[in-house]
Protein chains: 2
Amino acid sequence: VKTETPVPSAPVATADWPALSARRVASVKTSFIREILKVTENPEVISFAGGLPSPELFPTEALAVIAADVLRTDGRQALQYSTTEGYRPLREWVGARYAGRFGLAVDPDEILITTGSQQGLDLLAKVFINPGDTVALERPGYLGAIQAFSVYEPVFAGVPLSEAGPDLDALRATLTGRRVKLLYTVPNFQNPSGFTYPAAARRAVAEAVAAAGTVLVEDDPYGELRYRGEDLPPLRRHHAGTIMLGSFSKLVAPGLRLGWVCAPCEVIRQLVVMKQAADLHTDIFAQRIMHRFLAGGGLPAHVARLRAVYGRRAATMVAALRRHLPAGATCNDPDGGMFLWVTLPAGGDSRALFERATQQKVAFVPGTAFYVDGGGERAMRLNFTNTDEARIEEGVRRLAAALAGPG
Amino acid sequence: VKTETPVPSAPVATADWPALSARRVASVKTSFIREILKVTENPEVISFAGGLPSPELFPTEALAVIAADVLRTDGRQALQYSTTEGYRPLREWVGARYAGRFGLAVDPDEILITTGSQQGLDLLAKVFINPGDTVALERPGYLGAIQAFSVYEPVFAGVPLSEAGPDLDALRATLTGRRVKLLYTVPNFQNPSGFTYPAAARRAVAEAVAAAGTVLVEDDPYGELRYRGEDLPPLRRHHAGTIMLGSFSKLVAPGLRLGWVCAPCEVIRQLVVMKQAADLHTDIFAQRIMHRFLAGGGLPAHVARLRAVYGRRAATMVAALRRHLPAGATCNDPDGGMFLWVTLPAGGDSRALFERATQQKVAFVPGTAFYVDGGGERAMRLNFTNTDEARIEEGVRRLAAALAGPG
């Protein structure tokens with residue numbers, strides 16, 4: 001067998017794959033963002049479309065030293081099968097971070113390390129969502145959550161989100177009008193909008209959700225990337241049953257796929273069963289590298305650098321947009337995170353603008369991608385973390401040219 | 001907020017978590033193996049229970065050099081978000097390996113890199129299994145597959161597997177008696193049994209499954225770990241629609257969580273959508289390390305070493321068992337892999353034996369864990385890869401003492 005030359009394996013199967021697919025396949029849409037990424041592969045295109053951290057800020061050399069060191073000192077453990085719950089010192093670090101930042105008492109047993117926070121979304125959906133259950137989320141909402149939840153065939157209910165925070169009347173009406181299984185929120189510098197829940201709204205949301213017996217999920221991938229102002233208390237401060245999601249992707253590096261879920265032990269036990277079935281455990285070498293980097297004390301300087309660079313980029317983009325946007329268009333000035341949200345004047349069409357912008361070699365994500373139930377036609381998401389200031393200026397000029405163009 | 005001391009977050013939630021759980025939670029059993037692992041944490045216990053490769057054989061130093069090198073030369077790409085499909089050079093390596101070993105023509109676009117082959121099982125279940133669909137698998141069967149599939153609430157049908165291969169009459173009866181959506185197989189050195197499908201059975205299984213319009217999944221984590229004899233052709237040689245699963249866990253190291261699915265492009269596209277929703281992509285740093293290790297040419301010597309060491313351990317365990325097992329007990333002599341299968345004489349009870357063996361400080365997995373529909377009471381799985389020869393001898397002596405004991 002070994003010496004045969006490659007041949008097509010025979011006989012050729014003519015399976016009717018679509019007919020064999022499970023029902024849930026039809027409920028997950030391929031992301032328009034994947035289409036956009038094809039446009040942005042052209043290096044001449046200035047892309048505000050992605051959601052990428054800036055790779056020149058990765059602590060590459062520190063991680064290179066640590067990676068080799070982990071293998072030389074603990075290689076057998078770092079390469080062997082490991083526990084589904086995750087590397088305990090990393091779970092302890094996450095718990096201590098919640099205590100240090102917010103005064104939250106979190107036991108390491110309340111932390112599950114996940115393969116990126118995207119996996120946290122999948123596992124939560126596995127544990128909580130039956131087909132037909134109502135899942136509420138912000139409108140516009142985070143696309144990764146929409147995709148993860150869609151696999152489990154829920155009915156979505158949108159809660160309008162604006163610069164003033166979530167629409168509390170609409171939230172209460174949603175929670176009382178039907179049984180809502182789960183509310184998914186991103187209270188800090190939300191993706192896609194960059195909007196942040198004010199302090200009062202946090203308490204109000206937590207109380208309304210607790211009263212409704214709805215599972216509250218608080219996703220916070222960007223919270224540490226605050227460029228001005230003070231941290232606001234997490235929803236969890238107001239409702240101890242809140243399930244928190246976190247990620248090392250924006251804080252250190254996304255390629256390692258490290259995130260976590262923080263939840264009551266009873267929920268963690270169910271998530272662990274689902275994670276064991278999903279991938280046994282998360283890369284333990286990556287977990288040990290991350291823990292050594294964090295424990296080594298390099299994080300404060302690293303985060304300060306991210307905040308300084310990203311904060312300047314955000315300010316540059318806001319100022320350029322405000323110079324170039326036509327009358328009637330608006331954009332927010334986010335306090336942190338990676339994105340801002342532009343709304344075109346009445347009659348604007350960001351999908352049509354996307355086509356013209358492509359000709360001008362600038363890209364963004366049209367708002368409609370972030371609505372499960374229609375909407376966002378005038379809106380667009382712009383990322384400011386992965387483009388330097390000169391190219392942000394140039395990109396906004398190109399965007400203005402596209403806006404001024406025909407159509 | 002930052003200066004507060006940790007306090008329990010208030011008010012305390014009293015959520016009725018079990019009532020909030022999705023139906024699928026009840027269909028996934030926590031593994032008895034997790035209970036066993038608690039016993040084996042005691043270093044005095046000789047454990048034949050796990051399924052671990054031997055950590056002293058990990059190519060630790062080679063990977064340490066490569067890991068630092070990857071970050072120093074390609075750090076920005078190795079730490080950034082990456083494609084869901086996986087690192088293309090690694091997918092090309094997998095395709096070329098199929099060509100070199102079996103003469104199979106596999107395009108890199110037919111390969112999806114997964115977070116361990118366990119994730120391959122989860123993604124295949126997502127794409128193919130509706131609640132109530134019939135999934136056929138070997139009896140005894142691989143526990144990781146049973147767990148992964150159970151999440152999607154199928155009905156299981158067992159196809160008896162013995163040293164002579166799968167029971168072809170039973171397989172044909174199963175495939176014709178009802179609509180079977182998917183057949184899951186481990187033709188080489190199966191987990192838990194160590195049994196291997198003979199060449200003729202491979203063709204017969206592939207043809208029966210192709211005729212039934214059933215999805216054929218061929219999992220091959222151990223195929224490269226052959227200690228004697230020649231490689232047998234994969235089922236895929238006889239049925240081009242066969243979906244193959246592979247893993248770097250036994251070939252190099254499991255901690256990195258790297259596996260793959262090889263399937264027709266149409267299936268890969270659906271798996272990619274599901275993987276994007278599940279974890280976006282697999283750790284790209286780990287993928288690049290693995291690719292450099294494989295491309296660097298170190299694999300043949302590494303695999304030769306694994307085969308030599310594991311082959312001696314297998315032979316040692318078989319010889320010791322044959323000396324010590326009571327009349328009427330049997331054990332196979334596997335040609336490769338990590339496990340062998342002991343059947344106690346009539347009336348034997350491997351669960352009861354497990355308790356006595358624990359007192360003798362030796363552990364294994366009772367056979368009942370591997371049956372979805374009852375059975376395996378007299379059987380037990382023994383791992384031979386993660387115990388040196390002296391401790392294998394001693395462990396089998398302890399097992400014999402437990403067998404000779406009361407009960």
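Once the label point is set 7 Å along the Cα-to-beta-carbon vector, what list of distances in nm do you get between residue A:228 and its counterparts in the other copies?
7.7
At a temperature of 4 °C and a viscosity of 1.567 mPa s, determine how fast the stretch A:218-274 diffuses translationally according to Stokes-Einstein, using the Kirkwood radius over alpha-carbon pairs as Rh; express D in µm²/s, rounded to the nearest whole number.
Numbers: Rh = 12.9 Å.
Result for D is 101 µm²/s.
Before I look further, what does chain A give for accessible area per residue, probe 1.4 Å, in whole square angstrom?
34
Could you work out the equivalent-ellipsoid semi-axes for the stretch A:223-376, taking the square root of 5 times each eigenvalue of the Cα gyration tensor, largest first, in whole Å?
Largest first, the stretch A:223-376 gives 35, 21, 17 Å.
Taking 20 Å² as the minimum loss, tell me which residues in the stretch B:169-210 lose that much accessible area going from the chain by itself to the full protein complex (1.4 Å probe).
Residues shielded by partner chains are B:181.
Buried by at least 50 Å² relative to the chain on its own: which residues of the stretch B:86-118 qualify, computing accessible area with a 1.4 Å probe on protein heavy atoms?
Flagged in the stretch B:86-118: B:103, B:118.
Just to be sure I understand: of the beta bridges DSSP finds with both ends in the stretch B:79-208, what percent are antiparallel, rounded to 5?
In the stretch B:79-208, approximately 15 percent of DSSP beta bridges are antiparallel ones.
Ratio of Rg to Rh for chain B, alpha carbon only, Kirkwood?
Rg divided by Rh gives 0.98.
Students sometimes get this wrong: rank A:288, A:236 by accessible area, probe 1.4 Å, all chains present, largest first.
Accessible-area ranking of A:288, A:236, largest first: A:288, A:236.
When the accessible area of the stretch A:195-337 is split by element with a 1.4 Å probe, what percent falls to carbon and sulfur?
Answer for the stretch A:195-337 is 55 percent, counting heavy atoms of protein chains only.
Please check: in the Gaussian network model of chain A (C-alpha springs, under 10 Å), which one of A:99, A:125, A:346 has the largest mean-square fluctuation.
Its mean-square fluctuation being the largest, the pick is A:346.
Using only the alpha-carbon atoms, what does the stretch B:116-222 span along each of its principal axes? Please give whole angstrom values in decreasing order.
Each principal axis gives a Cα extent; for the stretch B:116-222 these are 32, 31, 18 Å.
Please compute, for peptide A:247-257, the average count of beta-carbon atoms on other protein chains lying within 10 Å of each residue's beta-carbon.
5
Select from A:216, A:245, A:143 the residue whose mean-square fluctuation is largest in a Gaussian network model of chain A (Cα-Cα springs shorter than 10 Å).
A:143
With N residues in the stretch B:166-290, what two-decimal value do you get for its Cα radius of gyration over 2.2 N^0.38 Å? Mind dumping the intermediate values first?
Numbers: Rg = 16.0 Å, N = 125, 2.2 N^0.38 = 13.8 Å.
Dividing the Cα radius of gyration by 2.2 N^0.38 Å gives 1.16.
Anything over 25 Å Cα to Cα? Flag those among A:38/A:181; A:250/B:29; A:250/B:275; A:126/B:250; A:38/B:275; A:29/B:250, in the order listed.
Details: A:38/A:181 36 Å; A:250/B:29 35 Å; A:250/B:275 21 Å; A:126/B:250 29 Å; A:38/B:275 19 Å; A:29/B:250 35 Å.
Listed pairs above 25 Å: A:38/A:181; A:250/B:29; A:126/B:250; A:29/B:250.
What share of the DSSP beta bridges in chain B is antiparallel, in percent to the nearest 5? Walk me through the numbers on the way to the answer.
Details: 20 of 39 bridges.
If we restrict to bridges inside chain B, about 50 percent are antiparallel.
How many nm is it between the label spots at residue B:35 and residue A:323, if each spot is 7 Å from the Cα in line with the beta carbon?
7.0
Cα gyration tensor of the stretch A:357-407, axes a ≥ b ≥ c as square roots of the eigenvalues: rounded (a/c below 1.5), prolate (a/b > b/c) or oblate?
oblate
Hey, what's the Kirkwood Rh for the protein assembly as shown if you take every pair of different alpha carbons, in angstrom?
27.8
Based on alpha-carbon atoms only, what is the radius of gyration of the stretch B:297-394 relative to the globular estimate 2.2 N^0.38 Å?
The value comes to 1.18.
Residues in the stretch A:56-82, backbone N under 17 Å from the label point at residue A:304 (7 Å along the Cα-to-beta-carbon vector): list them, ranges by number please.
A:59
Would you please give the FRET efficiency between residue B:269 and residue A:83, computed as 1/(1 + (r/R0)^6) with r the Cβ-Cβ distance and R0 = 35 Å, to the nearest 0.05?
Calculated value: 0.55.
Just checking the output field for B:142-154: average partner chain Cβ neighbours within 10 Å of each residue's Cβ?
Numbers: counts 0, 0, 3, 1, 1, 6, 5, 1, 2, 5, 4, 0, 0.
Mean shielding by partner chains, rounded to a whole number: 2.
Going 7 Å from Cα along the Cα-Cβ axis for the label, what nanometre distances separate residue B:18 from the same residue across the other copies?
When each copy's label point is compared with this one, the spacings are 4.5 nm.
Just the number: Rg to Rh for the stretch B:195-238, Cα atoms, Kirkwood Rh, two decimals.
0.99
Could you give the length gained on full extension between residue A:203 and residue A:72, defined as 0.36 nm per residue of separation minus the Cα-Cα distance, in nm?
Roughly 42.3 nm would be gained on extension.
Would you mind listing the distances between the residue A:326 label point and the same position in each other copy? Use 7 Å along Cα-to-C-beta, nm, one decimal, shortest first.
Label-point distances to the other copies, shortest first: 9.0 nm.
Determine the shape class of the stretch B:150-209: with a ≥ b ≥ c the square roots of the Cα gyration tensor eigenvalues, call it rounded for a/c under 1.5, and otherwise prolate if a/b is greater than b/c, oblate otherwise.
On the way: a/c = 2.06, a/b = 1.28, b/c = 1.61.
Oblate shape, in that a/c is at least 1.5 and b/c is the bigger or equal ratio.
Of all beta bridges DSSP finds with both residues in the stretch A:174-317, what is the antiparallel percent, to the nearest 5? Please report the intermediate quantities before stating the final value.
Values: 4 of 11 bridges.
Bridges in the stretch A:174-317 are about 35 percent antiparallel.
Under the √(5λ) rule applied to the eigenvalues of the Cα gyration tensor, what semi-axes describe the equivalent ellipsoid of the stretch B:121-178? Give them in Å, descending.
21, 14, 8
Averaged over B:63-70, how many beta carbons belonging to a partner chain fall within 10 Å of each residue's beta carbon?
Counting other chains' Cβ atoms within 10 Å and averaging over B:63-70 gives 6.
Just to be sure I understand: with springs between alpha-carbon atoms less than 10 Å apart, which residue in B:326, B:192, B:221 has the highest mean-square fluctuation in the Gaussian network model of chain B?
B:326
Interface B/A, total buried accessible area with a 1.4 Å probe, nearest 100 Å²?
Counting protein atoms only, the buried area is about 8800 Å².
With θ set to phi - 60° and the Karplus curve 6.51 cos²θ - 1.76 cosθ + 1.60, what are the ³J(HN,Hα) couplings of the stretch B:153-168 in order, to the nearest whole Hz, using x for Gly and Pro?
6, x, 9, 8, 10, x, 10, x, 10, 9, 4, 7, x, x, 6, 5
With a Cα-only, solvent-free Debye model of the stretch A:225-311, what are the log10 I(q)/I(0) values at q = 0.12, 0.18, 0.22 Å⁻¹?
-0.51, -1.03, -1.22
On the accessible surface of the stretch B:42-156, probed at 1.4 Å, how many percent belong to carbon and sulfur atoms?
51
Take peptides A:73-79, A:222-228 and line them up by average Cβ neighbours within 10 Å, highest first, as a rough protection proxy.
Highest-to-lowest ranking by the protection proxy: A:222-228, A:73-79.
The values are calculated or read from the model by the stated rules, or taken from the named source; none is laboratory data. All figures in this text were calculated on a predicted structure; none of them were measured in a lab. Backbone-built Cβ (ideal geometry, glycine too); neighbour counts: all protein chains shown. Quick note on the areas: whole protein, heavy atoms, side chains included, nothing else; ligands and nucleic acids left out. Shrake-Rupley method; radii C 1.70, N 1.55, O 1.52, S 1.80 Å.
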